[in-house]
1. Determine which residues of segment 639-669 fall in the zone a paramagnetic label at ASP585 would reach in this model, i.e. backbone nitrogen under 15 Å from the point 7 Å along Cα→Cβ.
2. As an exercise, identify the GluC sites (Glu not before Pro) in segment 441-514 lying in DSSP coil whose Cβ has no more than 16 other Cβ atoms within 10 Å.
3. When the helix-only estimate is applied to the chain (DSSP H runs of n ≥ 4, each -39,500 (n - 2.57), divided by the residue count), what is the mean residue ellipticity at 222 nm, nearest 500 deg cm²/dmol?
4. Looking at SER369, ALA380, THR411, which one has the Cα that reaches farthest to the positive end of the dipole of segment 368-425 (charges on Cβ: Lys, Arg +1; Asp, Glu -1)?
5. Treating segment 21-140 as a set of equal point scatterers at the Cα positions, no solvent, please give the Debye-formula log₁₀ I(q)/I(0) at q = 0.10, 0.14, 0.19 Å⁻¹.
6. What percent of all Cα-Cα pairs in segment 451-600 falls in each 5 Å bin, counting up from 0?
7. Dipole size in debye (nearest 20) for the chain around its Cα centre, Lys and Arg Cβ +1, Asp and Glu Cβ -1?
8. What Rg and what Dmax come out for segment 625-669 when only alpha-carbon atoms are used, in angstroms?
Amino acid sequence: MSVKRPTIKPAEISWLDQHTPYHSSTEDIYFATGQGLAESRYVFVEGNKLPERWSKPLAEFTIVETGFGTGLNFLLAASLWEKAQDTGRLHYISVEKEPLQGADLQRVHAAFPELARLSAQLLAVYPPFVAGFHALRINQRVHLTLLFGDAEEMLSKLRHSDRPVLGQSIHRIDAWFLDGFAPSKNPDMWSPAVLRLISGLSQKGATAATFTAAGNVRRGLQGNGFTVSKRAGFGSKRDMLQAIYTGSTEHAVYRRNQHFPAAGWYVQAAETERPRHVAIVGAGLAGCVTAYTLAQLGFTVSLIDAGPGPANAASGTPAAVLYTRLSQYSSPQNDFNLHAYLYACRFYPPLLDSATCGVLQLLPSERKSDAQDLVNQIGAAQYLQLLDPQSASARAGINIAQAALFFPLGTAISISRLCVKLLESPAIQGFFHSPVSDLQQRYNGWQLDLADSDKRIEADAVILCCGAQSQQFLQTEWLPLTPIRGQLTAASANSTSKKLRVVLCGDRFITPAESDTHQFGASYGLHDASLQMLEGDNKANLATARQLLQDPGFAANGAQSAWVGVRCATPDYLPIVGPVPHYSDFIETYRPLQHDKKRPLEQAAPGLPGLYLNCGYGSRGLSFAPLCAAEIASQLQRGLSPLPSTIRHALLPGRFIIRNITRGHFADP
């Protein structure tokens, strides 16, 4: 049964004065009038002893907050981090069920001009009210992840593992800002389940601070491994709580005694050291975006490709379109599509030479109601609008006869130009005309043998970003990748088509004219890896372009040129992102699932340490690449994932092996 995505409602607030909001439904204040910053500093910064802890250089530090509210706690912590640390990275995670509108945040922040720069950076990337994880890069040294939804659900999805025996998380939390409204007015934020999750996500020595001294909160923290003390409260409040996680014996027993009804195949064995030098095989869009992302995080990258330069194969298309097909229903695939698109809309604009032109997706009449539900869910006109034919025509510059979804941040992008820009970092070294003939694991990493020379590249880790060619290695030959042939057609603009100002999409697309030429298509040849140009595809592309333009005379002389490339997809149309399993050991470990797929098995997934996959984008490369790269980076860093566990697990390579085991469709290794 299809389930609609949860709706995130903005906070209902009133104003006590020009800059002080009041939460109407809980009848509680966000902060004492005129003292928001002072209260944040006293309760959360000093309560967690951050000035003392940040007095020495740190590579990274992670804070989790329960209740983002006005964002003042975040802005203050980020400001102090930048002053205290020269190079380290602050990860700030905050749960919020009822976020404030961006305009309301701006109104609150206006009272604190010392935070104006960080406030502007936050508001520039503040996401729409969509349930789930929103990974936001505020700047090079401050990363914010907003979790929109119920606290218990969001914190549960923050964990890398729900298996106590196998470990709760690869990356543990350093400090907690427990800042929900008062426990008596917002009990869900302080429930026993939430307090257990706080404990499970904490590393030993993690601290917590909260404005409340309520007995149930104190007892709940103590019962979950925290040593708790009282401190004088801020302002008129008599007491507040400070705590440090010590991991009590009782709590450890509680963890061990939990039971899970299925195998923990999605749990990866922790690797001891983080890689420094990463080799990426494949310099298409996936490889270039991944190289750029890793270089930004301080990795040294070797980018290896058989072609003469970046974006030679499927990524060499003359035009690609940034947009996606969305659904108002929640599933790992639908939720990933949406969040990947939102992430991509924040990722690309700083890298593009021109402003986005927007994308119009024409709607059949029977889809208009569903489209309206989707627009209501997202609730942010800068990301998605539903337009009637008149409004769609005004946007397009030509006559549109039906309703359409408008993606203002969608656009046509030259991937080849984009890839050149992505590889400008001196931390990225390109090795072109260099097909990889062999991939061998070494005691301290991996060795890549290049086919056309006697050169070898050694790296701490390897990421395969080479589409269907990712199957060419012994370690990955079991991958179920499907080739998809795509043919794009070009033709000269005419007097009507020159007026087109947006990318127009139906089953295929047509771009605005560039140098008096339109690109349109593309065909979708499943299980076809041929690079031969087909006149039949040109005719089909032309027919669709004429239908989109409502101009039977468009390109009366036929196609001007054509381009052919081969993409690759997976059986479930989700990309493959994560560590490569050791195939034979994986089969042996989880073979019992063949007869009982719910059998509890607590073994971590047998893997090939340091070998990763990032491929299988199908026709959605522009939308998928940035978030997939961020997820791979988090795995290499042993850090915070930008994805909830439900989606993270759905992308892992091992899912296909497990699926075959449970169906009895596997060959013995």
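Bear in mind that the values in this text are calculations on the coordinates, not laboratory data. Just so it is clear, the structure is predicted and the values come from calculations on it, not from any experiment. Ideal geometry is used to build each Cβ from the backbone, glycine not excepted, and the neighbour counts take in all protein chains shown.
1. From segment 639-669, the list is 654.
2. Values: sites: GLU458, GLU477, GLU514; in loops: GLU477.
Answer by residue number: GLU477.
3. Working: 19 runs with 185 residues, N = 669.
Helices in the chain give a 222 nm mean residue ellipticity of -8000 deg cm²/dmol.
4. The residue sitting most towards the positive pole is THR411.
5. Listed by q, the Debye log ratios stand at -0.30, -0.60, -1.15.
6. Taking all Cα pairs of segment 451-600, the binned fractions are 2, 8, 14, 14, 12, 11, 10, 8, 8, 7, 4, 3, 1, 0 percent.
7. Dipole size: approximately 760 debye.
8. Computed over the Cα atoms of segment 625-669, radius of gyration and Dmax are 13.5, 36 Å.
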